[in-house]
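A short write-up of the structure that comes next.
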Amino acid sequence: RMDLSVPLAIKRREVRHACSVDVLYGTTANDHVLRGTAVNMSACGACLRTDRELAPEQKVIIQTNPPHPPQEAAVRWSRTSGNGSYLIGLNFSS
(Lines give C-alpha, C1' and ligand atoms only; values in the text may rest on other atoms or scores of the structure.)
Protein backbone atom coordinates (compact mmCIF):
# COMPACT_ATOMS: atom_id res chain seq x y z
CA ARG A 1 0.00 0.00 0.00
CA MET A 2 1.16 3.48 -0.82
CA ASP A 3 0.13 6.86 0.50
CA LEU A 4 -1.03 8.61 -2.69
CA SER A 5 -0.82 12.03 -1.03
CA VAL A 6 3.00 11.77 -1.07
CA PRO A 7 4.82 12.59 -4.34
CA LEU A 8 6.36 9.51 -5.98
CA ALA A 9 9.29 11.29 -7.62
CA ILE A 10 11.54 14.25 -7.01
CA LYS A 11 10.92 17.16 -9.33
CA ARG A 12 13.76 18.31 -11.53
CA ARG A 13 15.57 21.17 -9.80
CA GLU A 14 16.29 23.17 -12.91
CA VAL A 15 14.44 24.09 -16.04
CA ARG A 16 15.47 22.54 -19.32
CA HIS A 17 15.29 24.85 -22.31
CA ALA A 18 13.84 23.59 -25.58
CA CYS A 19 16.28 23.61 -28.46
CA SER A 20 17.15 21.86 -31.68
CA VAL A 21 20.94 21.51 -31.65
CA ASP A 22 22.70 18.99 -33.88
CA VAL A 23 25.31 17.07 -31.93
CA LEU A 24 27.91 14.45 -32.62
CA TYR A 25 28.39 11.80 -29.98
CA GLY A 26 30.33 8.63 -29.38
CA THR A 27 30.09 5.77 -26.94
CA THR A 28 32.78 3.76 -25.23
CA ALA A 29 31.31 0.66 -26.92
CA ASN A 30 32.46 1.67 -30.42
CA ASP A 31 34.69 4.09 -32.31
CA HIS A 32 31.95 5.48 -34.57
CA VAL A 33 30.88 9.11 -34.54
CA LEU A 34 27.09 9.20 -34.32
CA ARG A 35 24.61 12.02 -34.94
CA GLY A 36 21.69 13.18 -32.88
CA THR A 37 19.68 16.26 -31.98
CA ALA A 38 19.44 17.75 -28.50
CA VAL A 39 15.76 18.65 -28.06
CA ASN A 40 16.22 20.29 -24.65
CA MET A 41 19.19 21.16 -22.46
CA SER A 42 20.16 22.48 -19.05
CA ALA A 43 23.43 22.97 -17.23
CA CYS A 44 23.42 19.37 -15.98
CA GLY A 45 21.67 17.38 -18.70
CA ALA A 46 19.95 17.06 -22.05
CA CYS A 47 17.40 15.05 -23.96
CA LEU A 48 18.86 13.62 -27.17
CA ARG A 49 16.87 12.34 -30.16
CA THR A 50 18.83 9.67 -32.04
CA ASP A 51 18.32 6.57 -34.17
CA ARG A 52 20.08 4.30 -31.65
CA GLU A 53 18.92 3.00 -28.31
CA LEU A 54 21.42 3.51 -25.51
CA ALA A 55 21.52 1.57 -22.25
CA PRO A 56 21.03 3.24 -18.85
CA GLU A 57 24.35 4.20 -17.21
CA GLN A 58 26.15 3.95 -20.59
CA LYS A 59 28.77 6.68 -20.99
CA VAL A 60 28.73 8.95 -24.04
CA ILE A 61 30.81 11.90 -25.21
CA ILE A 62 28.74 14.78 -26.64
CA GLN A 63 30.21 17.30 -29.08
CA THR A 64 28.19 20.36 -30.10
CA ASN A 65 29.46 23.02 -32.46
CA PRO A 66 32.77 24.67 -31.49
CA PRO A 67 33.83 26.45 -29.33
CA HIS A 68 32.13 24.16 -26.78
CA PRO A 69 34.45 21.39 -25.54
CA PRO A 70 33.30 17.74 -25.59
CA GLN A 71 31.08 16.84 -22.65
CA GLU A 72 30.93 13.43 -20.97
CA ALA A 73 27.43 12.26 -20.02
CA ALA A 74 25.69 9.21 -18.59
CA VAL A 75 22.46 7.81 -20.00
CA ARG A 76 19.68 7.96 -17.40
CA TRP A 77 16.78 6.66 -19.49
CA SER A 78 15.89 5.70 -23.05
CA ARG A 79 12.50 5.38 -24.75
CA THR A 80 11.16 5.04 -28.27
CA SER A 81 9.68 8.14 -29.85
CA GLY A 82 8.31 6.64 -33.08
CA ASN A 83 9.63 6.39 -36.64
CA GLY A 84 12.63 4.38 -35.47
CA SER A 85 14.03 7.13 -33.25
CA TYR A 86 14.73 7.22 -29.52
CA LEU A 87 14.74 9.90 -26.85
CA ILE A 88 17.70 9.57 -24.50
CA GLY A 89 17.93 11.35 -21.14
CA LEU A 90 21.49 12.39 -20.37
CA ASN A 91 23.14 13.63 -17.19
CA PHE A 92 26.37 15.57 -17.77
CA SER A 93 29.37 14.64 -15.64
CA SER A 94 30.72 17.45 -13.51
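Label point of Thr80 set 7 angstrom out along Cα-Cβ; within region 36-54, amide nitrogens under 15 Å from it belong to 50-54. For the chain, the Cβ-based charge dipole about the Cα centre amounts to some 320 debye (Lys, Arg positive; Asp, Glu negative; other atoms uncharged).
Here region 54-94 is treated as an ellipsoid with the same Cα gyration tensor; its semi-axes, largest first and in whole Å, are 21, 14, 6.
Computed extension gain for Arg16 through Arg52, at 0.36 nm per residue and net of the alpha carbon distance, reaches 10.7 nm.
Take the Cα of Gln71, step 7 Å toward its Cβ, do the same at Ser5, and the gap between the two points is 4.0 nm.
Here the accessible area of region 16-75 is 53 percent carbon and sulfur, with a 1.4 angstrom probe and all protein chains present.
Say a site is exposed when it is one of the trypsin sites (Lys or Arg not before Pro), sits in a DSSP loop, and has at most 13 other Cβ atoms within 10 Å; what is then the longest site-free stretch of the chain? If you can, show how the numbers build up before the last one.
Numbers: sites that count: Arg1, Lys11, Arg12, Arg13.
Longest gap between qualifying sites, sites excluded: 14-94.
The structure-derived value of mean projected area of the Cα convex hull in nm² appears in the list (1) 6.0; (2) 7.3; (3) 8.0 under the label (3).
The values are calculated or read from the model by the stated rules, or taken from the named source; none is laboratory data. For clarity, every value in this text was computed on a predicted model and none was experimentally measured. Glycine gets a Cβ as well: all are built from the backbone with ideal geometry, and neighbour counts include every protein chain shown. Areas reflect the complete protein model, heavy atoms only, side chains present, ligands, DNA and RNA absent. Shrake-Rupley method; radii C 1.70, N 1.55, O 1.52, S 1.80 Å.
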